[in-house]
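Since the structure comes first, as structure tokens, the remarks are kept for the end.
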Amino acid sequence: MIIDFHCQVGPSREFKATITPRMIVERMDKRKIDKAVLFPSESNRKLRPYEDVLQALKEFPDRFYGFFGANPREENVCEMLEMVVEKYGFKGVRFHPTFSGVVADDEEWVYPIAEKARKLKICMLVHSDTSLLASPWQVGMLAMDFPGLPVVMAHMGFVDIISNDGAIEMARKVPNLYLETSGVSAEDKVAQAVREAGADKVLYGSDMPYNDPAFEMAKIQYANLSAAEKLQVLGENAQKLMASLEK
């Protein structure tokens, strides 16, 4: 079982095209990926928080876990999140601090979304990088303040190895914080995350379609991990996490 925890759909300025569900599924089939966490692309001028993901769920109901794209500046963001979870079965919410211009652990803008996610018993995926808005320490503080909410730190700090170390340290300290591997520059950091944060806390992601899944999977395959640990990272951990959200 391979589960990709980081895929995007919809209009994208960076990709210079509209990413369709079929494009994602074709790449998944090519790389033998069973299921994927899917959320709206945020690189377009106006976020479409659920429409493209909903279309993907209708076209390919057995291939995706739908995640809502949260813009904290939208007045009714919590109401929309509750609607897509209750009506359409979305399993999580994704928040991108850098694109939103809102710091990851902002108590006024972000904490109401996290509290709604906790009450809905879903997962929260939060982008991380080296900026002043989305550092691993800020994402970790968000998770620390919502102990009943599974928080997945996308990119586990991204390409900077010091940020990777910060992400690993936060995941080691915060029981409900998971690390997702897309964009990490060194396979040694993936192995370090498994050793120090725990083999059950690390999730494979590709950032599809911006990266080929095979490129991101290679980091897992070449990392100094046991065969059992590789299976955990590539899909077993994600499967267990998503199953824990079932009502």
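Structure notes:
- Residues that are assigned to a loop (DSSP other than H, G, I, E, B) and among the small types (G, A, S) were ranked within the stretch 1-45; the one that is surrounded by the most Cβ atoms within 10 Å (Cβ to Cβ) is S41.
- Residue within the stretch 164-172 that is in contact with a Leu (Cβ under 8 Å, 6 or more places away or on another chain), farther than 21 Å from I113 by Cα, part of a helix (DSSP H, G or I) and of a type in the set (V, I, T) present: yes
- Inside the stretch 53-96, residues that are at pLDDT 95 or above, of a type in the set (D, E, K, R) and surrounded by fewer than 24 Cβ atoms within 10 Å (Cβ to Cβ) make up a count of 9.
- Flag not set for D105, criterion: of a type outside the set (A, V, I, L, M, F, W, C), out of contact with any Lys or Arg (no Cβ under 8 Å at 6 or more places or on another chain), buried (at least 17 other Cβ atoms within 10 Å of the Cβ) and under 19 Å from P40 (Cα atoms).
- For the stretch 194-220, the set of residues classified as farther than 29 Å from A17 by Cβ and in a helix (DSSP H, G or I) consists of V194, R195, E196, A197, A199, D200, K201, listed by residue number.
- Selection within the stretch 222-247 - in a loop (DSSP other than H, G, I, E, B) and under 25 Å from K119 (Cα atoms): S244, L245, E246, K247
- Considering only residues in the stretch 18-31 that are touching a strand residue (DSSP E or B) at 6+ places or on another chain (Cβ under 8 Å) and aliphatic (A, V, I, L, M), the one that is farthest from F95 (Cα to Cα) turns out to be M28.
- Unmet criterion (only one of (1) at pLDDT below 95; (2) crowded, with 16+ Cβ neighbours inside 10 Å) for V159: (2)
- Residue pairs whose Cβ atoms lie under 8 Å apart, sitting 6 or more positions apart in sequence or on different chains, and linking a residue in the stretch 166-182 that is without any contact (Cβ under 8 Å) to a residue 40 or more places away in the chain to a partner that is acidic (D, E), are I168/E196; E169/E196; R172/E196.
- Being buried (at least 21 other Cβ atoms within 10 Å of the Cβ) and more than 17 Å from the chain's Cα centre (by Cα) is a description that does not apply to K119.
- Residue check, D188 assigned to a helix (DSSP H, G or I), touching a residue at least 40 places away in the same chain (Cβ under 8 Å) and charged (D, E, K, R): no
- Of everything listed in (1) farther than 26 Å from I24 by Cα; (2) modelled with pLDDT of 95 or more; (3) over 17 Å from the mean Cα position of the chain (by Cα), the single unmet condition for M170 is (3).
- Of the helices (runs of 4 or more DSSP H) that lie entirely inside the stretch 69-121, those containing 1 or more residues that are among the acidic types (D, E) span 77-88, 111-120.
- Residue pairs meeting the criteria (Cβ under 6 Å; at least 6 apart or on separate chains; first more than 12 Å from I24 (Cβ to Cβ), in the stretch 205-217; second among the basic types (K, R) and not in a helix (DSSP H, G or I)): A214/R31
The values are calculated or read from the model by the stated rules, or taken from the named source; none is laboratory data. It should be emphasised that the depicted structure is a prediction, and the values quoted were computed from it without experimental measurement. In this analysis, Cβ positions are derived from the backbone assuming ideal geometry, glycine residues included, and neighbour counts consider all displayed protein chains.
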